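Below: the structure, in structure tokens.
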Amino acid sequence: MSTDYSIEAPSIHGRLSLAEIEELVAQPLDTKPDKKFFIAITLSTGALLIGAFCLTITFLYGIGMWGNNQPVGWGFGITNFVFWVGIGHAGTLISAILFLLRQRWRTGIARFSEAMTIFAVMCAGIFPVIHTGRPWLAGYLLPYPNQHGLWINFTSPIIWDVFAVSVYLSVSLIFWYTGLIPDFAILRDRTTSKIKKTIYSIFSLGWRHSNRHWQHYEKAYVILAGFATPLVLSVHTIVSFDFAVSILPGWHTTIFPPYFVAGAIFSGFAMVVTVLVIVRKIFDLQNIITMDHLEKMNKVILATGMMVGYAYATEFFIAWYSGVQFEQFVFINRVFGPYAWAYWIMVSCNVIIPQLFWVKKIRRSIPIMMVIVILVNVGMWFERFVIVVTSLHRDFLPSSWGMFIPTVYDLGILLGSFGLFFTLVILFTKTLPVVSISEVKAIAEGSQPTHHGGNHHG
Amino acid sequence: MAEKKIFGITALFKDPDSIISAAKKTSLSGYTKWDVNTPYPIHGMDNAMNIKPSKLGFVTLICGLSGTTIALLLMWWTMSVDYPMVIGGKPFFSLPAFIPVTFELTVILATASTVAIMFAFFFGLPENSHPLHDTDYMKKVSRDHYGVVIEADDPKFNETVVKDFLKSLNPVSIDVIYYPEKETYPIFEPKFLGVLAATAIIVSLGTYLTLNSLMYIEPFNWMMNQDKIIPQSKSEYFADERGMRMPVEGTVARGFIPYPYLGELIPTEVLLNPSISTKAILELGERKFLTYCSPCHGDFGDGDSRLRGQFQNPPTLHSDRARNFSDGMIYHIMTNGQNIMPSYSSQVSREERWAIVNYIRVLQRAKNANEHDVEFAKNINIE
């Protein structure tokens, strides 16, 4: 590879023609699923069913089936919620922030990571609801006139969370669907099956690729990106308020919002890389989702990983500098206490191991990259576990100290959420174009007029 | 075959440079009802087509500001007008704590309505019956061609002139597009409707059965259903299989001391009034009299019932006969009943019945007051 970074590497390799791009992306939709697909979907639905079983048991007997107890009232439920919301941050970051920053390499991976955002937020949404123990009362979280004459408490971080996560899911869905409309039109015009054609026609809304439409459409895309950018930053900020607005040592920290957002991008990118590596291999998309894409993602992982490490260090510094005895105890307890193993998994996976990405060869090596990003996912899950559990298990009074030990139902539901996520991802790869066809066509070589600078302008 | 109506004439191009120049020339020739169809937005096309910048931003601005206003008004009204509550020592209208929800509602209203209004009003979508659909032209511009279409609605439209003009642009091909006789993507096609109906039936049946079998399982009911024996339940432990035990012979329920003169016409004079006419007792008697006695006897015991002749009116309580009843006799009538008046012993407790007796005595004295009573009443302060 050339090391001249003054020239931007082409976003698509192999000089594909517009028709070839279309064939390549639409191919999984036109062919029957093969054996690999069925094996994958069996594994993921198996995990999903285990989760469903554990959840049914939880509904029947209550959250006493989980490891939650008196000092540790927030166990896996909230850990998993924060973990999945974090995963859901990469998609909108790629589709909105990188769009506004005019990073053209985002086009190859935007659709896929947006889909992952939606699926991750769906997984996340389950946890606070089941964590309440009475999920059928979730409607009380919405402000509607009711017989009790009561309203929800708009000054509560939990309500902010409800609004932030549901708005984030809705806006991500709108963003995703808006991007899909031209692709639905492309699929409509290339399919020969009548039923498929009718379905694609309905979803394409009768899109005609008209330039009088493209003009507003592009404007709308900028507007959506403009709103999604502060939104994506606000969501994990508000999730961090769940902790930071309380007065518990270990949670009551002003660094939480930026620290959570950096961690969310970090874990989200790691998850996107994990899944993309597999998808580009299975669907032969190496020319559209190129090694350059993966390398750029790995650079973002390296940068955000260091931000997260910096946040860890800052927390310790502030605990010492504040002179607050309780705060200092919590942090010493994190490092040397009963959950020190979780803390050190977190530090090594999130701060130490990603440092390998300084080496270019490692950034561009699929197997090593795969190991690192999976470890990052593990580390980020443990980060949330450390924040939730170690801050709670040592209460102010030593007589109220306790330990959190997850039960098999906790683990089953966590596995089930991965099952749900991967089931949705696998179904998505077979039903919708995993890469935005029209956007990739627009950045292919020779796709823009030459007098305008064509493909090689800013 | 009937004359087909022309929708417009299309020309296809193979590369982005020629579509830009074609668009420029079409725009300069003064056509107004024409369009360019490209598989993706092409840089510089807006200038080439000479179309004004999009006004979509104003829609977003208005909808976003409405979201802000709605959020703030909702929170102000609920938290400081309808049900004000002090939470964490914050003021009723606590702006910093309202910022997150305000922001989220602004974003959702701005984005959702921008997209909805753009598709519905700016584009007039969904529209699957447009003449361009399902033509070779549309299939090609969807894939890798670039096309210009000049519509027949254009005031300058003339089939041969437009064809010659488009030929001068050196296109790959030229096509005349006619209005279709029927919708090209028939949503009401039987096969599609069949699939849709089958999906709907399967999903609703599945949902119905699942809900019926799963939703009515009582979740964690161990607090409600315990192993102990509750009243009225069956028990295998006792020979008579009753969960409850019968009380010991001669047990008297609290407040239900047996009345010995039941059914007798004239009770013994032994029945003496145990209560004293204190203010509290009289007020209790008044309350109970107005509740249980006044519907038939009238508010002041005049026998002017409110029952509008549904029953025979009782005689007045101010007759000499009634005034000469002993307290025990009045109590006996209430407890035992008389003529068509039933017993009130189950509705009105013993103490309340004696209180009513005292209150009836007050009514009787008030209705038949003598001069001393009038003098006395003048001297006391009646509210």
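The values are calculated or read from the model by the stated rules, or taken from the named source; none is laboratory data. Since the model is a prediction, treat every value here as computed from it, not as a measurement. Please note: Cβ atoms are built from the backbone with ideal geometry, for glycine as well, and neighbour counts cover all protein chains shown. Quick note on the areas: whole protein, heavy atoms, side chains included, nothing else; ligands and nucleic acids left out. Shrake-Rupley method; radii C 1.70, N 1.55, O 1.52, S 1.80 Å.
Can you run down the residue pairs with Cβ atoms below 8 Å, 6 or more apart or on separate chains, where the first is in the stretch A:200-212 and open to solvent by 10 Å² or more (accessible area, probe 1.4 Å) and the partner is basic (Lys, Arg)?
Here the result reads A:200/A:188, each pair linking the stretch A:200-212 to a residue that is basic (Lys, Arg).
Please work out which one of (1) open to solvent by less than 30 Å² (accessible area, probe 1.4 Å); (2) under 27 Å from residue B:135 (Cα atoms); (3) in contact with a Ser or Thr (Cβ under 6 Å, 6 or more places away or on another chain) is the condition residue B:50 fails and give its number.
(1)
Output the residues belonging to the stretch B:94-110 that are open to solvent by less than 10 Å² (accessible area, probe 1.4 Å) and touching a residue at least 40 places away in the same chain (Cβ under 8 Å).
Of everything in the stretch B:94-110, those that are open to solvent by less than 10 Å² (accessible area, probe 1.4 Å) and touching a residue at least 40 places away in the same chain (Cβ under 8 Å) turn out to be B:107, B:110.
Looking only at the stretch B:294-324, count how many residues are more than 13 Å from residue B:363 (Cα to Cα), open to solvent by less than 80 Å² (accessible area, probe 1.4 Å) and out of contact with any Ser or Thr (no Cβ under 6 Å at 6 or more places or on another chain).
Qualifying residue count for the region: 5.
Within the stretch B:68-79, restricting attention to residues that are more than 7 Å from chain A (Cβ to nearest Cβ) and within 20 Å of residue B:107 (Cβ to Cβ), which residue is surrounded by the most Cβ atoms within 10 Å (Cβ to Cβ)?
Residues of the stretch B:68-79 more than 7 Å from chain A (Cβ to nearest Cβ): B:68-73, B:76-77.
Next, only the ones that are within 20 Å of residue B:107 (Cβ to Cβ) stay: B:68-73, B:76.
Details: B:68: 16, B:69: 14, B:70: 14, B:71: 23, B:72: 18, B:73: 10, B:76: 16.
Among residues in the stretch B:68-79 that are more than 7 Å from chain A (Cβ to nearest Cβ) and within 20 Å of residue B:107 (Cβ to Cβ), the one surrounded by the most Cβ atoms within 10 Å (Cβ to Cβ) is B:71.
So for the stretch A:438-450 (the condition being modelled with pLDDT of 90 or more, surrounded by 15 or more Cβ atoms within 10 Å (Cβ to Cβ) and within 14 Å of chain B (Cβ to nearest Cβ)), does at least one residue qualify? It would help to see each step written out before you state the result.
So in the stretch A:438-450, the residues modelled with pLDDT of 90 or more come out as none.
Scanning the stretch A:438-450, I find no residue that is modelled with pLDDT of 90 or more, surrounded by 15 or more Cβ atoms within 10 Å (Cβ to Cβ) and within 14 Å of chain B (Cβ to nearest Cβ), so the answer is no.
Any idea which of (1) over 30 Å from residue A:227 (Cα atoms); (2) open to solvent by less than 10 Å² (accessible area, probe 1.4 Å); (3) outside any loop (DSSP other than H, G, I, E, B) is the one residue B:194 doesn't satisfy?
Every condition holds for residue B:194 apart from (2).
Which condition number in (1) surrounded by fewer than 21 Cβ atoms within 10 Å (Cβ to Cβ); (2) in contact with a Ser or Thr (Cβ under 8 Å, 6 or more places away or on another chain); (3) under 30 Å from residue A:23 (Cα atoms) is the one that residue A:374 fails?
So the condition that residue A:374 fails would be (3).
Give the number of residues within the stretch B:154-191 that are more than 25 Å from residue A:185 (Cα to Cα), open to solvent by 90 Å² or more (accessible area, probe 1.4 Å) and either in contact with a Phe, Trp or Tyr (Cβ under 9 Å, 6 or more places away or on another chain) or not in a helix (DSSP H, G or I) (or both).
3
Filter the stretch A:237-259 down to the residues that are within 11 Å of chain B (Cβ to nearest Cβ), open to solvent by 20 Å² or more (accessible area, probe 1.4 Å) and either of a type in the set (S, T, N, Q) or outside any loop (DSSP other than H, G, I, E, B) (or both) and list them by number.
Result: A:237, A:241.
Looking at the stretch A:29-55 only, could you name the residues that are within 14 Å of another protein chain (Cβ to nearest Cβ) and open to solvent by less than 70 Å² (accessible area, probe 1.4 Å)?
If the condition is that a residue be within 14 Å of another protein chain (Cβ to nearest Cβ) and open to solvent by less than 70 Å² (accessible area, probe 1.4 Å), then A:52, A:55 are the ones that fit.
Which numbered condition trips up residue A:210, out of (1) under 30 Å from residue B:46 (Cα atoms); (2) in contact with a helix residue (DSSP H, G or I) (Cβ under 8 Å, 6 or more places away or on another chain); (3) among the polar types (S, T, N, Q)?
In the conditions (1) under 30 Å from residue B:46 (Cα atoms); (2) in contact with a helix residue (DSSP H, G or I) (Cβ under 8 Å, 6 or more places away or on another chain); (3) among the polar types (S, T, N, Q), residue A:210 misses (2) alone.
Condition first: basic (Lys, Arg), touching a strand residue (DSSP E or B) at 6+ places or on another chain (Cβ under 8 Å) and at negative phi. Can you find one or more residues in the stretch B:51-58 that meet it? Working first, answer last.
Step one: filter the stretch B:51-58 for residues basic (Lys, Arg), giving B:52, B:55.
Filter once more, so that each one left must be touching a strand residue (DSSP E or B) at 6+ places or on another chain (Cβ under 8 Å): none.
The answer is no, given that none of the residues of the stretch B:51-58 is basic (Lys, Arg), touching a strand residue (DSSP E or B) at 6+ places or on another chain (Cβ under 8 Å) and at negative phi.
Return the pair list, or none, for Cβ contacts closer than 7 Å from residues in the stretch B:26-39 that are outside the structural domain of residue B:142 (by TED's automatic domain parsing) to residues that are open to solvent by 10 Å² or more (accessible area, probe 1.4 Å) and modelled with pLDDT of 85 or more, at least 6 apart or on different chains.
Final answer for the pair search is none.
If the Cβ limit is 6 Å and pairs must be 6+ apart or interchain, which residue in the stretch A:296-322 that is under 14 Å from residue A:261 (Cβ atoms) pairs with which residue that is hydrophobic (A, V, I, L, M, F, W, C) and in a helix (DSSP H, G or I)?
A:300/A:269; A:304/A:262; A:304/A:265; A:304/A:266; A:305/A:266; A:307/A:262; A:308/A:262; A:308/A:266
Mind checking which residues of the stretch A:142-197 are surrounded by fewer than 16 Cβ atoms within 10 Å (Cβ to Cβ), more than 25 Å from residue A:118 (Cβ to Cβ) and more than 7 Å from chain B (Cβ to nearest Cβ)?
Across the stretch A:142-197, the qualifying residues are A:144, A:145, A:146, A:147, A:148, A:192, A:193.
Of the residues B:13, B:58, which is open to solvent by 30 Å² or more (accessible area, probe 1.4 Å) and among the aromatic types (Phe, Trp, Tyr)? Even if it seems obvious, please write down each step before you answer.
Working: B:13 fails: open to solvent by 30 Å² or more (accessible area, probe 1.4 Å).
From the options B:13, B:58, the qualifying one is B:58.
Among the residues of the stretch B:36-47, write down those that are open to solvent by 40 Å² or more (accessible area, probe 1.4 Å) and at the interface with another protein chain (Cβ under 9 Å from one of its Cβ atoms). Talk me through it step by step, then tell me what you get.
Filtering the stretch B:36-47 for residues open to solvent by 40 Å² or more (accessible area, probe 1.4 Å) gives B:43, B:46-47.
Selection gives B:43, B:46.
Which one of A:92, A:79, A:58, A:107 is touching a residue at least 60 places away in the same chain (Cβ under 8 Å), open to solvent by less than 30 Å² (accessible area, probe 1.4 Å), touching a Lys or Arg at 6+ places or on another chain (Cβ under 8 Å) and not charged (D, E, K, R)? Give the derivation first.
Working: A:92 fails: touching a Lys or Arg at 6+ places or on another chain (Cβ under 8 Å); A:58 fails: touching a Lys or Arg at 6+ places or on another chain (Cβ under 8 Å); A:107 fails: touching a Lys or Arg at 6+ places or on another chain (Cβ under 8 Å).
Step by step, each of A:92, A:79, A:58, A:107 is checked, and only A:79 is touching a residue at least 60 places away in the same chain (Cβ under 8 Å), open to solvent by less than 30 Å² (accessible area, probe 1.4 Å), touching a Lys or Arg at 6+ places or on another chain (Cβ under 8 Å) and not charged (D, E, K, R).
Condition check ((1) facing chain A (nearest Cβ under 10 Å); (2) within 24 Å of residue A:151 (Cβ to Cβ)) across all residues:
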site: B:81; (1), (2): no, yes
site: B:108; (1), (2): yes, yes
site: B:118; (1), (2): yes, no
site: B:125; (1), (2): yes, no
site: B:129; (1), (2): yes, no
site: B:141; (1), (2): yes, no
site: B:163; (1), (2): no, no
site: B:169; (1), (2): no, no
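Right, residue B:91: more than 9 Å from every other protein chain (Cβ to nearest Cβ), outside any helix (DSSP H, G or I) and surrounded by fewer than 20 Cβ atoms within 10 Å (Cβ to Cβ) or not? Steps first, answer last, please.
On the way: more than 9 Å from every other protein chain (Cβ to nearest Cβ): yes; outside any helix (DSSP H, G or I): yes; surrounded by fewer than 20 Cβ atoms within 10 Å (Cβ to Cβ): yes.
Answer is yes for this residue.
Closer than 30 Å to residue A:193 by Cβ and either surrounded by fewer than 20 Cβ atoms within 10 Å (Cβ to Cβ) or not hydrophobic (A, V, I, L, M, F, W, C) (or both), is that true of residue A:112? Can you show your working first?
Working: closer than 30 Å to residue A:193 by Cβ: yes; either surrounded by fewer than 20 Cβ atoms within 10 Å (Cβ to Cβ) or not hydrophobic (A, V, I, L, M, F, W, C) (or both): no.
So residue A:112 fails the test.
With the condition kept exactly as written, say whether any residue in the stretch B:205-217 is modelled with pLDDT under 85 and either part of a loop (DSSP other than H, G, I, E, B) or open to solvent by less than 60 Å² (accessible area, probe 1.4 Å) (or both).
First, the residues of the stretch B:205-217 that are modelled with pLDDT under 85: B:210-217.
Narrowing further to those that are either part of a loop (DSSP other than H, G, I, E, B) or open to solvent by less than 60 Å² (accessible area, probe 1.4 Å) (or both): B:216-217.
Scanning the stretch B:205-217, I find at least one residue that is modelled with pLDDT under 85 and either part of a loop (DSSP other than H, G, I, E, B) or open to solvent by less than 60 Å² (accessible area, probe 1.4 Å) (or both), so the answer is yes.
Out of A:308, A:300, A:273, which single residue is open to solvent by 20 Å² or more (accessible area, probe 1.4 Å) and in a helix (DSSP H, G or I)?
Working: A:308 fails: open to solvent by 20 Å² or more (accessible area, probe 1.4 Å); A:273 fails: open to solvent by 20 Å² or more (accessible area, probe 1.4 Å).
The match here is A:300.
Please verify whether residue A:234 is touching a helix residue (DSSP H, G or I) at 6+ places or on another chain (Cβ under 8 Å), open to solvent by less than 40 Å² (accessible area, probe 1.4 Å) and without any contact (Cβ under 8 Å) to a residue 60 or more places away in the chain, treating the condition exactly as stated.
Working: touching a helix residue (DSSP H, G or I) at 6+ places or on another chain (Cβ under 8 Å): yes; open to solvent by less than 40 Å² (accessible area, probe 1.4 Å): yes; without any contact (Cβ under 8 Å) to a residue 60 or more places away in the chain: no.
So residue A:234 does not fit the description; no.
Mind telling me which of the residues B:33, B:24, B:55, B:5 ends up being touching a helix residue (DSSP H, G or I) at 6+ places or on another chain (Cβ under 6 Å), more than 7 Å from chain A (Cβ to nearest Cβ) and basic (Lys, Arg)?
On the way: B:33 fails: touching a helix residue (DSSP H, G or I) at 6+ places or on another chain (Cβ under 6 Å); B:55 fails: touching a helix residue (DSSP H, G or I) at 6+ places or on another chain (Cβ under 6 Å); B:5 fails: touching a helix residue (DSSP H, G or I) at 6+ places or on another chain (Cβ under 6 Å).
None of the other options fit; the residue is B:24.
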